[in-house]
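*Asks:* Got a structure for you, questions after.
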Amino acid sequence: MGDLDGDGEYEVVLKRDQNGRDNAQAGVTGEVHLEAYKLDGTFMWKVNLGKNIRAGAHYTQFLVADFDGDGKAEVICKTADGTVDGAGKVIATPPRPGPTPAICPGWTGIPDRL
Ligand SMILES: [Ca+2]
Ligand SMILES: [Ca+2]
């Protein structure tokens, strides 16, 4: 949780994944999404981390906090080639290698890769 838009009320950021599997289990997993909602349930944005981020309970740790002190929370997470931002744009494209950390202004859902 964090105040993503700086209005003084918390929003919720949650991870939603499909067919998650631990590394001990072989096979392809589904997509991993980070989604932001107002406390009244209003949808704000979704980041689709793409097929190169493995789904499972042990993956995709993320942080929500006001890291730059401007009163609006950012979201930090891992991205990879094929990650789609909250505006529907692919932000991580080949040949940039592998998983890369990104920071996302919480009110936009549009991460910048670090
Ligand atoms: Ca807020
Ligand atoms: Ca901030």
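*Asks:* Among the listed residues Cys104, Cys77, which satisfies the condition of being under 11 Å from the mean Cα position of the chain (by Cα) and at pLDDT 90 or above?
*Replies:* Only one candidate passes the filter, namely Cys77.
*Asks:* Follow-up. Could you tell me which numbered condition Gly30 fails, if it satisfies all but one of (1) in contact (Cβ under 8 Å) with a residue 24 or more places away in the chain; (2) within 13 Å of ligand 1 (Cβ to nearest atom)?
*Replies:* The single condition Gly30 does not satisfy is (2).
*Asks:* Still on this model: Consider Arg21 against the criteria (1) surrounded by fewer than 17 Cβ atoms within 10 Å (Cβ to Cβ); (2) farther than 17 Å from Val75 by Cα; (3) more than 16 Å from the chain's Cα centre (by Cα); (4) of a type in the set (D, E, K, R): it satisfies all of them except one. Which criterion is unmet?
*Replies:* It fails just one condition, (1).
*Asks:* Here is a further query. Condition test on Ala102, is it among the hydrophobic types (A, V, I, L, M, F, W, C), within 16 Å of ligand 2 (Cβ to nearest atom) and touching a strand residue (DSSP E or B) at 6+ places or on another chain (Cβ under 8 Å)?
*Replies:* Answer is yes for this residue.
*Asks:* OK, next. Among the candidates Asn23, Asn52, Asn19, single out the residue that is part of a loop (DSSP other than H, G, I, E, B) and at positive phi.
*Replies:* Unique residue meeting the criteria: Asn19.
*Asks:* If you don't mind, another one. Given the conditions (1) of a type outside the set (S, T, N, Q); (2) more than 16 Å from ligand 1 (Cβ to nearest atom); (3) surrounded by fewer than 16 Cβ atoms within 10 Å (Cβ to Cβ), report the number of the one that Leu39 does not fulfil.
*Replies:* Condition not satisfied by Leu39: (2).
*Asks:* Tell me which residues, restricted to segment 63-86, are among the hydrophobic types (A, V, I, L, M, F, W, C), in contact (Cβ under 8 Å) with a residue 40 or more places away in the chain and buried (at least 16 other Cβ atoms within 10 Å of the Cβ).
*Replies:* Val64, Ala73, Val75, Cys77
Let's see how each residue does on (1) within 16 Å of ligand 1 (Cβ to nearest atom); (2) in contact with an Asp or Glu (Cβ under 8 Å, 6 or more places away or on another chain); (3) within 26 Å of Gly82 (Cα to Cα); (4) not charged (D, E, K, R):
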| position | (1), (2), (3), (4) |
| --- | --- |
| Gly6 | yes, yes, no, yes |
| Val13 | yes, yes, yes, yes |
| Leu34 | no, no, yes, yes |
| Leu49 | no, yes, yes, yes |
| Arg54 | no, no, yes, no |
| His58 | no, yes, yes, yes |
| Leu63 | no, no, yes, yes |
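*Asks:* Would you check which residues across segment 57-74 are modelled with pLDDT of 90 or more and more than 14 Å from the chain's Cα centre (by Cα) and list them?
*Replies:* Asp66, Phe67, Asp68, Gly69, Asp70, Gly71, Lys72, listed by residue number.
The values are calculated or read from the model by the stated rules, or taken from the named source; none is laboratory data. In this text the structure is predicted, and so the values were computed from the model without any measurement. We place every Cβ from the backbone using ideal geometry, glycine too, and count neighbours over all the protein chains shown.
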